[in-house]
Protein chains: 2
Amino acid sequence: MSDVRRRDGHRVTSYDVARLVGVSQSAVSRCFKPGASVSKKMRARVMKVADDLGYQPNAIARSLITRRSNMVAVVISQQTNLYYPEVLVQLSQRFSERGVRVLLFTLEHESDIDVLYNQIFQYQVDGVVEAARLSGEQIDLMEQRGIPFVFYNRSLKDRRVNAVCCDQIEGERWLVNRLVESGHETFGLISGPEDSSVSVERTQGALERLKELDVKSVTVVLGDYSYESGASGLLELKNKLGKLPDAVVCANDVMAIGCMDAARYRLGVKVPDELSVVGFDGVGPAQWQSYDLTTVRQPVRRMTEAAVSMILERVEEPELPPEKRTFSGILVDGGSARLA
Amino acid sequence: MSDVRRRDGHRVTSYDVARLVGVSQSAVSRCFKPGASVSKKMRARVMKVADDLGYQPNAIARSLITRRSNMVAVVISQQTNLYYPEVLVQLSQRFSERGVRVLLFTLEHESDIDVLYNQIFQYQVDGVVEAARLSGEQIDLMEQRGIPFVFYNRSLKDRRVNAVCCDQIEGERWLVNRLVESGHETFGLISGPEDSSVSVERTQGALERLKELDVKSVTVVLGDYSYESGASGLLELKNKLGKLPDAVVCANDVMAIGCMDAARYRLGVKVPDELSVVGFDGVGPAQWQSYDLTTVRQPVRRMTEAAVSMILERVEEPELPPEKRTFSGILVDGGSARLA
């Protein structure tokens, strides 16, 4: 930390700036507050003098008065999906437009989460965006402290919590519809990790629709969202069935990419001529020509905007009731599946 | 922000915890300080009572006393390389092992950088890891404030600054050596953006070595690190030369991937049989079987560890002289190039 001192040895304060500009101290404060009402001309004058004096408002000291730190914790888990970096960058930008900064918490092991919550409280963040798993006890603790939090792409059936989600079930139903109407009859599913609520919803969504459409041949194998598990998942499906299914529905894009590569380079099978593969997420590489995935793209921009608004509304009005916002995914007909 | 109040309406303090446990207030403080010397038993007793009372140390209030915020700013630019998310996660984890949290600053436009530095000062971070471009004036400003900073994969020739880099030039020389010794005679280069110091070093490194090895046919086109610019770069090379070169050297992996896809899917050319392609970075998708890139992998773990140590050493001892640490990349012989 640093500060700049006046020639007499005192720290330069907003009063020094105000005196030199000839305005009130609160006018100076407003100039440094993102989004505060102040004329361009006034801001320019104040900034010029502040710069000359080397004045900077002390956000930390101010937070002790306003009881806001203007920081929000974002918790992500180590199980890094290629998809999350985009979420993180978008969250950071949406928050910064509202004058709030992201304090980053990454979990290497799920057991880190207790230490982490201690720290979240210590840094006095205004809110938490939660893109990792949380136990019921941890939720209790957050509620007890009165810190607003929003789950990002996690939902908890029996808790009244704030959440922003992509509609996993709707997306999977659409994928299954497209494949069945295009003549696919036998299906393999590669799920994500068993403890991922997103994967459970996606896999259940696909299974349910397949059942409704009276598809008889459906085999599920377990993946872990990784490229490698998409590849080994395909080999496992082939072993179980004695042959390849018509289509493989993967619980995320990265596994679908691994599955396509295994089909082509390990089994010498043509995609989509001999095998259709679909994913979920809409990560950047899904659009690369080698893959051109049929997938459901999460509307990251809309979802992150929603998460940011929901947190900041609750920082202002802690009494707002919990809310869940579910966004439809964007349907992408790619070349990785034989579609009618 | 939240706190917990005692039955008499006062905020629970470390003194309340100390009294109940029967230890000093400073012993309680130590229990909450990452890395502080305290017995397991003591910590367990203190934590139990703190939990019962709902006590949490206020990191912000403490920072006003210790003059450390235990936060470090990490500045990344919007030009999101698939490679940076890994850097960010690794930095976050290395810092958190040292009791320090990452406050994230993402730049959407380069012009955001002035607003951003104002904010960095306001949040009173202990240091800055800089993975975006910075002008000479901005560096002056940081030095004036006495905030330690480390450039991550940026170097500035005529400034005494702290920097952690991968050896771009050495890596490119190795790539060129491998290609020339394997019989490649005509070369295309797809550079990164002109204002990227990393791209300039990579492209210069390759050009210099090609000259030393007396390679006559070398054509350079401009890219922007994106998949699309790798694809269009290949088409541009073909137009300029009237045919494809033997090898294309791309200033990063993502462009090399775009280049390979354009060769296969737009030109119907076999990689590596008819065209060798090499990249730089060692991003995850470079290892996918569709690409299997010959590349130079940056040692992200070592580089992020170095950046974290360099910052924290300078928070303790601001007088330490500037230091540059350059790490050799890891050479990856992949299937994207015909190598002897």
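The values are calculated or read from the model by the stated rules, or taken from the named source; none is laboratory data. Here the structure is a predicted model, which is why all the values come from computation and not from measurement. Heads up, the Cβs are rebuilt from the backbone with ideal geometry, glycines too, and the neighbour counts pull from every protein chain shown.
Let me confirm something: among A:ARG133, A:ARG160, which residue is more than 12 Å from chain B (Cβ to nearest Cβ) and closer than 25 Å to A:ASP253 by Cβ? Only one candidate qualifies: A:ARG133. Does at least one position in region A:168-185 carry a residue that is under 16 Å from A:ASP253 (Cβ atoms) and of a type in the set (Ser, Thr, Tyr)? Among the residues of region A:168-185, not one is under 16 Å from A:ASP253 (Cβ atoms) and of a type in the set (Ser, Thr, Tyr), which makes the answer no. Applying the selection to region A:267-289, what residues are part of a loop (DSSP other than H, G, I, E, B) and either in contact (Cβ under 8 Å) with a residue 24 or more places away in the chain or within 7 Å of A:SER336 (Cβ to Cβ) (or both)? A:LEU267, A:VAL269, A:VAL271, A:PRO272, A:ASP273, A:GLU274, A:LEU275, A:GLY279, A:PHE280, A:GLY282, A:VAL283 - these are the residues of region A:267-289 that are part of a loop (DSSP other than H, G, I, E, B) and either in contact (Cβ under 8 Å) with a residue 24 or more places away in the chain or within 7 Å of A:SER336 (Cβ to Cβ) (or both). Among the residues making up region A:278-334, those that are of a type in the set (D, E, K, R) and over 30 Å from A:PRO245 (Cβ atoms) are A:ARG301, A:ARG302, A:GLU305, A:GLU313, A:ARG314, A:GLU316, A:GLU317, A:GLU319, A:GLU323, A:LYS324, A:ARG325. When each of A:ASP246, A:ASP253 is tested for being among the acidic types (Asp, Glu), more than 30 Å from A:GLN144 (Cα to Cα) and crowded, with 23+ Cβ neighbours inside 10 Å, the lone residue that passes is A:ASP253. Scanning region A:39-74 for residues that are closer than 28 Å to A:SER309 by Cβ, modelled with pLDDT of 75 or more and in a helix (DSSP H, G or I) gives A:LYS40, A:ARG43. Scanning region B:111-151 for residues that are among the hydroxyl-bearing types (Ser, Thr, Tyr) and modelled with pLDDT of 80 or more returns a single hit, B:TYR123. Of the strands (runs of 3 or more DSSP E) contained entirely in region A:127-235, those carrying at least 2 residues that are under 18 Å from A:VAL72 (Cα atoms) and touching a residue at least 60 places away in the same chain (Cβ under 8 Å) fall at A:127-131, A:149-152, A:162-166. When residues in region B:275-319 are screened for being more than 14 Å from chain A (Cβ to nearest Cβ), at pLDDT 95 or above and over 20 Å from the mean Cα position of the chain (by Cα), 4 of them pass.
Restricting region A:327-340 to residues that are out of contact with any Ser or Thr (no Cβ under 7 Å at 6 or more places or on another chain) and modelled with pLDDT of 95 or more, the residue that is farthest from A:ALA256 (Cα to Cα) is A:PHE327. Being in contact with a Ser or Thr (Cβ under 9 Å, 6 or more places away or on another chain) and crowded, with 16+ Cβ neighbours inside 10 Å is the filter here, so list the residues in region A:139-150 that pass it. If the condition is that a residue be in contact with a Ser or Thr (Cβ under 9 Å, 6 or more places away or on another chain) and crowded, with 16+ Cβ neighbours inside 10 Å, then A:ARG145, A:ILE147 are the ones that fit. Of everything in region A:87-106 that is of a type in the set (Val, Ile, Thr) and more than 9 Å from chain B (Cβ to nearest Cβ), the residue that is nearest to the chain's Cα centre (by Cα) is A:VAL87. Only one entry of B:THR203, B:THR304 meets the criterion of being in the same structural domain as B:PRO85 (by TED's automatic domain parsing) and either buried (at least 20 other Cβ atoms within 10 Å of the Cβ) or touching a Cys at 6+ places or on another chain (Cβ under 7 Å) (or both), and that entry is B:THR304. Looking at region B:136-157, which of the residues that are more than 17 Å from A:LEU53 (Cα to Cα) and more than 14 Å from the chain's Cα centre (by Cα) is nearest to the other protein chains (Cβ to nearest Cβ)? Applying the filter and picking the extreme gives B:ILE147.
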